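First up is the structure itself, then whatever we jot down about it.
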Amino acid sequence: MVAQPVVGAPQEDIASPTVAHAGLAEAVAVAGRIVLPGEGEAGHAATAQKLPAMPGQLIVIGFMGGNISGGNLVHREALVARELQQRFPLGLHAAVFANSDWKNALRTVLQLLDASGKGRPSAGEKSAARIVIYGHSWGASETVTLARRLDQLGIPVLLTIQIDSVEKLNENDGSIPPNVREAVNFYQTEGLLHGRSSIAAMDPKQTTILGNYESSYKGHPVSCAGYPWFARAFMRPHIEIENDPSVWGRVEELIGKQMP
């Protein structure tokens, strides 16, 4: 099945810290607000939502590729989160992060689940979690890593979506942990930089792989306006898939199906 791509290409290697008790404790303990990308400058927020989420609300976490900030609206990862929040203002809570910002992403999820306000979600709040995680490039690698961290905390994930996933140092973006109900992978193979062509479930009884879908841009290029010249010159297919409206249309459709 042929699909098509979008961006966030890695520009330098950033190792992701392993999950230690200290990191998790910090993530659980810090209270605050989640900031959603809006119309302002990259990395600045126009909208903030108070935590926690409403009961049954879908939590959508996105990760940018490369060294891109979560509020950079040149990139589809941020735009899709904003569009989803506008479509489902009460039923969905969306937030986007730089792929290096895993502590804030994890903290946000835990705060959203903590409806009782006790400082960390209860066992019941964890089991009732409704979470979707997506990302491009290094952000796709961080998508799987966040799912794995949530697995260690006993928190289920409805869906992970990887777009041209490029594995980060000390991460494993090819094995989907058993707390994930469904996972899907979109990729291209034409560029110098290209994503993983296949993902697999660690436990096929627990996780359904919806598919590994390849995109091709030969003969039908996708606009990459607003991207740096070196990205357009040296990693164009990798950012074409990041900007491909057909890929992101499918991403939004998959997320929309998770709405209550």
**Report entry** Under 5 Å, built H, 5+ apart or other chain: amide partners of V96
**Finding:** G62
Report summary line: Per its Cα gyration tensor (rounded if a/c is under 1.5, else prolate when a/b beats b/c, else oblate), segment 70-155 is best filed as oblate
**Report entry** Residue-wise HN-Hα coupling along segment 177-187, computed from phi with Karplus coefficients 6.51, -1.76, 1.60 (Hz; x: Gly, Pro)
**Finding:** x, x, 7, 8, 6, 9, 9, 9, 9, 10, 8
Query raised in the report: Taking θ as phi - 60°, what are the ³J(HN,Hα) couplings along segment 77-92 by the Karplus curve (6.51, -1.76, 1.60), each to the nearest whole Hz, with x for Gly and Pro?
Result: 4, 6, 4, 5, 4, 5, 5, 5, 5, 6, 6, 10, x, 9, x, 9
Query - In sequence order, calculated HN-Hα J values of segment 246-260 (Karplus, 6.51, -1.76, 1.60; Hz; x Gly/Pro) - result: 5, 5, 5, x, 6, 4, 5, 5, 5, 5, x, 5, 8, 5, x
**Report entry** 10 Å beta-carbon shell around G70, net charge (K/R +1, D/E -1)
**Finding:** -2
Query raised in the report: Taking neighbour Cβ counts within 10 Å as the exposure measure, how do M235, M202, M64 sort from fewest upward?
Result: M202, M235, M64
Query raised in the report: Taking every pair of alpha-carbon atoms in segment 47-256, what share in percent sits in each 10 Å bin, from 0 to the bin with the longest distance?
Result: 9, 37, 37, 14, 3, 0
Query raised in the report: Can you list the residues, at least 5 places off or on another chain, whose amide H is less than 5 Å from the amide H of M202, using H built in the peptide plane?
Result: I176
Report summary line: Net charge (Lys, Arg +1; Asp, Glu -1) of residues whose beta-carbon lies under 12 Å from that of T208, T208 excluded, is 0
Query raised in the report: Can you tell which of V132, P204, S215 lies farthest toward the positive end of the dipole of segment 47-256, using +1 and -1 charges on the Cβ of basic and acidic side chains (Lys, Arg; Asp, Glu)?
Result: V132
Query raised in the report: What dipole magnitude, in Debye to the nearest 20, does segment 47-256 give about its Cα centre under +1 on Lys/Arg Cβ and -1 on Asp/Glu Cβ?
Result: 560
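The numbers here are math on the coordinates, done by the rules we state, and not lab data. Owing to the predicted nature of the structure, the values given are computational and were not obtained by experimental measurement. Positions of Cβ are backbone-derived with ideal geometry, glycine not excepted, and every protein chain shown enters the neighbour counts.
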